[in-house]
1. What figure in square angstrom, to the nearest 10, would you give for the accessible area of T213 with a 1.4 Å probe?
2. So how do H173, H128 rank on accessible area, 1.4 Å probe, biggest first, that is with the largest at the start?
3. Counting each DSSP H run of 4 or more residues in the chain as -39500 (n - 2.57), what helix-only mean residue ellipticity at 222 nm follows after dividing by all residues, to the nearest 500 deg cm²/dmol?
4. With labels modelled as points extended 7 Å from the Cα through the Cβ direction, what inter-label distance (nm, one decimal) is found for H207 paired with R71?
5. Over the chain, give the accessible area per residue in Å² for a 1.4 Å probe, as an integer.
6. For the chain, give the magnitude of the charge dipole about the Cα centre (Cβ charges: +1 Lys/Arg, -1 Asp/Glu; no others), in debye to the nearest 20.
7. So how much accessible area does F172 have, in Å² to the nearest 10, using a 1.4 Å probe?
8. From the square roots a ≥ b ≥ c of the eigenvalues of the alpha-carbon gyration tensor of the stretch 41-86, which class results: rounded (a/c under 1.5), prolate (a/b over b/c), or oblate?
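The values are calculated or read from the model by the stated rules, or taken from the named source; none is laboratory data. These numbers were taken from a predicted model, which means no experiment stands behind them. Positions of Cβ are generated from backbone atoms using ideal geometry, with glycine treated the same way; all protein chains shown enter the neighbour counts. Keep in mind that these areas ignore ligands, DNA and RNA; they rest on the heavy atoms of the full protein, side chains included. Shrake-Rupley method; radii C 1.70, N 1.55, O 1.52, S 1.80 Å.
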Amino acid sequence: MLEILYRDEYLVAINKPSGLLVHRSLIDRHETRFAIQLTRDQIGQKVYPVHRLDKPTSGVLLFALDSNTARLLNAQFIAGLVQKTYLAVVRGHTDASGIIDYPLKEELDKLSDAHANQDKLAQEAITHYRRLATTELPYPVGRYASARYSLLELQPKTGRKHQLRRHMKHIFHPIVGDTTHGDGKHNSLFREQFACQRLLLHASSLHLTHPHTHEALMLEAIPPEDFGDVVRLLLPLQ
């Protein structure tokens, strides 16, 4: 059963587990479980996706329960009126806070985007980050005798594909567990030392305006055990 974070006659939000696709994809043809279908079956009602989370990312995933509500929510996301907050464990000690303003070219999938424009210009992409904690572990990685990590709060101000993962790579602090944009040596360390098989990125909250009541709505998801356990092992005293 999926964890239902919020539900009314217009909306439902779940805490999506890491490893669960939001919807069917040509890239993962072997997958048979999807957040859309599982949520629909669990609540007995059709759901309409209004944003996305990558397959390996856990956390708040919001659906509309009718097409008009979906349209209204999509407008909020497009206008940048929804505040999205994530938690991430990254390689190295970052600055205390910062803004990553780095345009991103659209990432195209060979199968699903085969006919898309391959020469599209890079799009504006902005991410704010705040360091919550740091640690240094006595494990040699590459030429270093120890390994440093930071726990960050990330707030993307735009919604580009894989934006957080690509932006953290851009500033040389890739997210641990990212097999596409990350550091394989650190990913291996976490698998071996902490049995961590996932991307350490969690969508912790969405702050938006309810499309019908116009009240402020804060949707929050506690990190799942596989994320929380690693953070506690990394930062036992913080």
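1. 70 Å²
2. H128, H173
3. Working: 5 runs with 50 residues, N = 238.
So the helix-based figure for the chain works out to -6000 deg cm²/dmol.
4. The answer from the label model is 2.9 nm.
5. Working: 12800 Å² over 238 residues.
Ligands and nucleic acids excluded, the result is 54 Å² per residue.
6. On the way: 29 positive and 26 negative charges, 99 e Å.
I would put it at about 480 debye.
7. 150 Å²
8. Values: a/c = 2.58, a/b = 1.09, b/c = 2.35.
Taking the square roots of the gyration eigenvalues as a ≥ b ≥ c, the stretch 41-86 is oblate.
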